[in-house]
Amino acid sequence: MSSLLAKIQIHAGKEAEFEQVMAYMYAQTHGTESGVLRYEYWRGREPSFYYCLLVFEDNLAFWKHQASDHHEGEMARFASCIAELDLEVIDA
């Protein structure tokens, strides 16, 4: 199993665009990928902060997600929204 938790700070004013990108990514990830056990986003308590929980069957499924057409295709929009990203591996 491959599990990660991302804490994401968004540039002020980019929240709506970030949420559009993430809605698309959520739909594509759950609709087209195998090996995805959990892939969810939520707003944090602090303004402009979000979290993402990613759980895949194994590391290969995670890397396939990273290399997917929808992930690569939205990377520029995703990156333009992000001020800071802290990605933590949380496997037991």
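The values are calculated or read from the model by the stated rules, or taken from the named source; none is laboratory data. Because the structure is predicted, anything quoted here is derived from the model rather than measured. Glycine gets a Cβ as well: all are built from the backbone with ideal geometry, and neighbour counts include every protein chain shown. These accessible areas exclude ligands, DNA and RNA; they are computed on the full protein's heavy atoms, side chains included. Shrake-Rupley method; radii C 1.70, N 1.55, O 1.52, S 1.80 Å.
Return the residues of region 50-86 that are open to solvent by less than 40 Å² (accessible area, probe 1.4 Å), closer than 27 Å to His11 by Cβ and either touching a Lys or Arg at 6+ places or on another chain (Cβ under 9 Å) or not in a helix (DSSP H, G or I) (or both); say none if nothing qualifies. Those that are open to solvent by less than 40 Å² (accessible area, probe 1.4 Å), closer than 27 Å to His11 by Cβ and either touching a Lys or Arg at 6+ places or on another chain (Cβ under 9 Å) or not in a helix (DSSP H, G or I) (or both): Tyr50, Cys52, Leu53, Leu54, Ser68, Cys81, Ile82.
Taking region 47-92, which residues are acidic (Asp, Glu) and touching a residue at least 12 places away in the same chain (Cβ under 8 Å)? Those that are acidic (Asp, Glu) and touching a residue at least 12 places away in the same chain (Cβ under 8 Å): Glu57, Asp58, Glu74, Glu84, Asp86, Glu88, Asp91.
Residues of region 1-49 that are in a helix (DSSP H, G or I) and more than 20 Å from Gln66 (Cβ to Cβ): Glu15, Ala16, Glu17, Glu19, Gln20. Looking across region 34-49 at every residue that is farther than 19 Å from His11 by Cβ and open to solvent by 40 Å² or more (accessible area, probe 1.4 Å), the one that is nearest to the chain's Cα centre (by Cα) is identified as Glu40. Within region 1-27, the set of residues being farther than 21 Å from Arg45 by Cβ, open to solvent by 50 Å² or more (accessible area, probe 1.4 Å) and among the polar types (S, T, N, Q) comprises just one member, Gln20.
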